[in-house]
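Undergrad: Pasting a structure here, questions to come.
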Amino acid sequence: MEQGKVCSMREVEEAKAVSRLAPIWATCLIYAVVFAQTSTLFTKQGATMDRSITRGIEIPAATLQCFISFSILLFIPIYDRIVVPLARAFTGKPGGITTLQRIGTGIAVSAIAMVIAALVEMKRLQTAREHGLVDKPNVTVPMRVWWLVPQYSLCGLSDVLAIVGLQEFYYDQMPNELRSIGIALYLSILGVGSFLSSFLISVIETVTGKDGRDSWFADNLNRAHLDYFYWLLAALSALGLALYVYSARSYIYARRSTS
């Protein structure tokens, strides 16, 4: 505020509208941390597994991310044509459920994806031990890469719910003049979440790799413990979801369109 100038009522209301979104923004960060794993650790997992389709033909580990896109293409029409009408019949709301409920469901699904990822990684490590591959990181673990499809698919479903919901929420709840800032806030969740993911991995790498021990993220994934990290993310997601629900329950929508 310039010296001697009093803020208008509209400016005050706009500032309040932005501040009311801060708790939702903060409690969605752990979801963004989970979101960051689909293009990093999931790919590292897949690179150690049997990726052959036929003899001599092997798919790159990074192409498994296409299952996220496939699941999005599958679940969006299911959500719009089946879930929304059914929910509308029970709630009487135009969208079936509120935007905040949609986001919360997406966060819950991402937590389940982390549980599935941890269980699959435990199975991969057990297979490596059974075949004596613990100290042979360059040898393919005889476990089909399709075991990773459920966690990729669940991440795609969580995108349909949370990512789309966040974009709609931050666009709709901002004043007309600040809607571009609303989109920026939505995108900043993903950016800050990626930074937090890198920071968390760096800290865990340092702590668990002391005294010459193999860290959770050792180059030899057969001696690493990505499963521990996935369990940690699942626990943090559950905590984040609880905080999110607490914040969402006290949130009052600025417009009736998302309520």
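The values are calculated or read from the model by the stated rules, or taken from the named source; none is laboratory data. Computed from a prediction, not measured in an experiment: that's the story for all the values here. With ideal geometry, Cβ positions are generated from the backbone for all residues, glycine too; neighbour counts draw on all protein chains shown. All accessible areas refer to the heavy atoms of the entire protein, side chains included, with ligands and DNA or RNA removed. Shrake-Rupley method; radii C 1.70, N 1.55, O 1.52, S 1.80 Å.
Undergrad: Long-range amide H contacts for Met143: which residues qualify at under 5 Å (H placed 1.01 Å from N, peptide plane, sequence gap of 5 or more or a different chain)?
TA: Placed amide hydrogens put Asp50 under 5 Å from Met143.
Undergrad: When the convex hull of the Cα atoms of region 183-259 is projected onto a plane and the area is averaged over all directions, what value comes out in nm²? Spell out each step's value before the answer.
TA: Values: hull surface 28.3 nm².
Value for region 183-259: 7.1 nm².
Undergrad: Sticking with this structure for a sec: Can you give the accessible area per residue of region 98-244, in Å², using a 1.4 Å probe?
TA: Working: 6580 Å² over 147 residues.
Spelled out: the 1.4 Å probe surface of region 98-244, per residue, equals 45 Å².
Undergrad: For region 196-237, max minus min Cα coordinate along each principal axis, in Å, sorted largest first?
TA: 30, 19, 14
Undergrad: For region 34-111 and region 188-259, what is the separation of their Cα centres, given in Å?
TA: Spelled out, the Cα-based centre of one part sits 18 Å from the other.
Undergrad: Looking at the chain as a GNM with Cα springs under 10 Å, which of Ala118, Ala26, Ala87 has the largest mean-square fluctuation?
TA: Ala87
Undergrad: By how many nm would the segment from Lys210 to Val139 lengthen if fully extended, with 0.36 nm per residue of separation less the alpha-carbon distance? Walk me through the numbers before you get to the answer.
TA: Numbers: separation 71, 0.36 × 71 = 25.56 nm, distance 2.65 nm.
Residue separation times 0.36 nm, minus the Cα-Cα distance, leaves 22.9 nm.
Undergrad: Additional query: Net charge near Leu232: determine it from the other residues with C-beta under 15 Å of the C-beta of Leu232, scoring Lys and Arg +1 and Asp and Glu -1.
TA: Numbers: positive: none; negative: Glu121, Glu205, Asp227.
Within the 15 Å Cβ shell, the charges total -3.
Undergrad: Compute, for region 165-252, the length of the dipole vector about the Cα centre, with Cβ point charges of +1 (Lys, Arg) and -1 (Asp, Glu) only. Units Debye, rounded to 20. List each step's numbers first, then the result.
TA: Working: 5 positive and 8 negative charges, 32 e Å.
Dipole of region 165-252, to the nearest 20 debye: 160 debye.
Undergrad: Given region 123-259 reduced to its alpha-carbon atoms as identical point scatterers, what log10 I(q)/I(0) does the Debye formula return at q = 0.13, 0.20 Å⁻¹?
TA: Taken in order of the listed q values, log10 I(q)/I(0) reads -0.79, -1.31.
Undergrad: Taking all protein chains in place and a 1.4 Å probe, what share, in percent, of the accessible surface of the chain do carbon and sulfur account for?
TA: 64
Undergrad: Pulled fully out, how much extra length does the chain show between Asn220 and Lys93, if you take 0.36 nm times their separation in residues and subtract their Cα-Cα distance? Working shown, then result.
TA: Values: separation 127, 0.36 × 127 = 45.72 nm, distance 5.14 nm.
Difference between extended and current length: 40.6 nm.
Undergrad: For the chain, what is the charge dipole size about the Cα centre, in debye to the nearest 20, if Lys and Arg each add +1 at the Cβ and Asp and Glu each add -1 at the Cβ?
TA: On the way: 23 positive and 19 negative charges, 112 e Å.
In debye, rounded to 20, the chain gives about 540.
Undergrad: Moving on to the next point. Considering the values (1) 16.2; (2) 13.4; (3) 18.2, which represents mean projected area of the Cα convex hull in nm² as calculated for the structure under consideration?
TA: (3)
Undergrad: In debye, nearest 20, what is the charge dipole magnitude of region 83-189 about its Cα centre with +1 on Lys and Arg Cβ and -1 on Asp and Glu Cβ, if you could check? Please report the intermediate quantities before stating the final value.
TA: Values: 9 positive and 7 negative charges, 61 e Å.
Dipole of region 83-189, to the nearest 20 debye: 300 debye.
Undergrad: Multiplying the sequence separation of Ser39 and Ile78 by 0.36 nm and subtracting their Cα-Cα distance, what value in nm do you get?
TA: 11.5 nm
Undergrad: Which residue, Ala111, Gly193, Trp216, has the largest displacement toward the positive end of the dipole of region 109-259 when charges sit on each Cβ (Lys, Arg +1; Asp, Glu -1)?
TA: The Cα lying farthest towards the positive end belongs to Ala111.
Undergrad: Of Tyr170, Tyr244, Tyr228, which is the most mobile in a GNM of the chain whose springs link Cα atoms less than 10 angstrom apart?
TA: So, out of Tyr170, Tyr244, Tyr228, the one fluctuating most is Tyr228.
Undergrad: Does anything in region 21-65 have its amide N under 20 Å from the 7 Å Cα→Cβ label point of Leu119, and if so which residues?
TA: Answer for this model: 34-35, 38, 42-43, 45-46.
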